[in-house]
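The structure under discussion appears below in the form of structure tokens.
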Amino acid sequence: MAIPLKNTNRLSAAMERTGQWVFSQEIPTDVIVEVGEANFNLHKFMLVAKSNYIRKLILDTKESDVSRINLSDIPGGPEMFEKAAKFCYGVNFEITVHNVAALRCAAEYLQMTDKYCDNNLASRTEDFLAQVALTSLSGALVVLKSCENLLPLAHDLNIIQRCVDIAGAKACVEANFPSRSPPNWWTEELTILDVAFFERIIVAMKARGAKALTIASAIITYTERSLRDLVRDHSGNNTRLMEPEDSDMRMHQRELLESIVTLLPAEKAAFPINFLCCLLRTAIFLRATSSCKNELEKRISAILEHVTVDDLLVLSFTYDGERLFDLESVRRIISGFMEKEKSVAVFKGGDFGDVCTTAMQRVAKTVDAYLGEIATFGDLSISKFNGIAILVPKGARKADDDLYRAVDIYLKAHPHLDEIEREKVCSVMDPLKLSHEARVHASQNKRLPVQIVLHALYFDQLKIRSGAADDTNNNMPEAMATRNQLQADVSLVKENEVLRTELLKMKMYIADIQKTTTSTQGTSASHKGSLKKTTFFSSVSKTLGKFNPFKHGSKDTSNIVDDAALDLTKPRRRRFSIS
């Protein structure tokens, strides 16, 4: 077994000390024990007196004189064999929480048990485990940590299970009755373990009835310590991770993350949503399994009403903060929350279209603000922008001002969109639900398509005609009632503008004819020209009347009589149009 470089000096010093207490004997050595790259010159009779394994090797060999024994497979390597050899020679050495597990395994390997010799090394290490090492949480965790390189023998000797049971029990006690400050000091102690041993302790704590918040506290601390560079950077900016995706480190981190997700307690609200968002962002970055990402998405969706814009942005950007992820996770999270609210509404016997809970309003406001943040990125397509916006039911927004702001930012960041594409972007908002200030801004916004501007202006005219106060929140029923009329009349408004332009051109043409006639004929001829003008104008009006766009509608003027036949007792009907 190769010796790590960092242990080379320690091994050399150990061999030197071994030589001092071996060669000080008057009897020359007669066997060389090889342990990896280290060689120990020892006496057979001293080793055989304590180790049944070495005795069998010497007796079972076919050679007449055994002068070399290879024990490279001994747990703990040369350092543990040195201590076992010292025990055979009766030389004192220190047993600690760091080496007791390795010594116990080495004793088992060498068969240094009480069955072969009383008060042997195996019983001495067992006494230390029971009386010293496993009496505290820290001691049990250190012993458990040392067992990572002693498998499977440490498992067969039940050292691991004993450490897990004691550590789980003492962690539960510390969680309920802290013995030192800070109260969660024990969660830091757990971070020294490998994820497999950490999982066993979490399972043991759950079996003892530990609360979900207690388990969550341990998992959060362990995750932030084990995946420090990935999870603790909550901002998502200014962190460039240059490791290749297929590197050993990335594969280890992926396996670690997936193992941690499987440990999450069933209670959805046990973890803060920002921690879950960081975990999901890490899972997306590390290309974790679909089951891992789906579990995190469900947990975030269950408590989405507590989400902030920064939390959603953490899910959306790469670690360098310069590119957007696929955004499918964000879409599934919002969709899952809306499905949950729909199920609750149906269960309560209501209509989901009329539901507008406080949680939905909060989520709607957050989503609109989130859209405004990501709208500036040029690689955000219209379909992805609209796909997230339409997930929020229209009833969840009391006003569409925040959504209008996001749409305006998107149009400004994408100046090359044509009229149809701009209409697609604006289709997610309702101009009738804009506040007065937003409608004023929209009416002067050159980035908006013409139809949206007409909606805003025409709605203001309808409110002026009805004499209603300009209060969007108080007039939502009236706005909804006029929606159908607005949609039916908006095309007629456009045609009316065209007709007014054509009529103006016709008047200018008739004026030119009149001016020409006046200059060539006398007063009588001018009078005839005037009559002819009246007759011509009347014929034009009748011709245009046949194409009246408001015929049989709310603005039909075909039944209006001449001024001479008007009933002066009734108020004159006004014509409403866009000037």
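Quick notes on this one:
- Scanning region 392-424 for residues that are open to solvent by 70 Å² or more (accessible area, probe 1.4 Å) and among the aliphatic types (A, V, I, L, M) turns up just one, ILE420.
- Test: residue in region 86-101 that is crowded, with 22+ Cβ neighbours inside 10 Å, of a type in the set (Val, Ile, Thr) and under 29 Å from ILE160 (Cβ atoms): yes
- Scope region 303-324; condition in a loop (DSSP other than H, G, I, E, B) and closer than 15 Å to ALA359 by Cβ; matching residues: ILE303, VAL307, THR308
- Scanning region 48-65 for residues that are more than 60 Å from the chain's Cα centre (by Cα), open to solvent by less than 50 Å² (accessible area, probe 1.4 Å) and at pLDDT 80 or above yields VAL48, ILE58.
- The sole residue among ALA359, ALA369, ALA389 that is open to solvent by less than 10 Å² (accessible area, probe 1.4 Å), of a type in the set (Gly, Ala, Ser) and within 22 Å of THR308 (Cα to Cα) is ALA389.
- The C-beta contact set for region 309-326 (first residue of a type in the set (A, V, I, L, M), second residue surrounded by fewer than 20 Cβ atoms within 10 Å (Cβ to Cβ) and at pLDDT below 75, distance under 7 angstrom, 6+ apart or interchain) comprises LEU313/GLY236; VAL314/HIS234; VAL314/GLY236.
- Residue among ASN484, ASN475 that is surrounded by 15 or more Cβ atoms within 10 Å (Cβ to Cβ), under 26 Å from CYS356 (Cα atoms) and modelled with pLDDT under 85: ASN475
The values are calculated or read from the model by the stated rules, or taken from the named source; none is laboratory data. The shown structure was predicted, so the numbers you read here are calculated from the model rather than taken from an experiment. As a convention, Cβ positions derive from the backbone with ideal geometry for all residues, glycine included, and neighbour counts pool all protein chains shown. Protein only, heavy atoms only, side chains kept; ligands, DNA and RNA dropped before computing areas. Shrake-Rupley method; radii C 1.70, N 1.55, O 1.52, S 1.80 Å.
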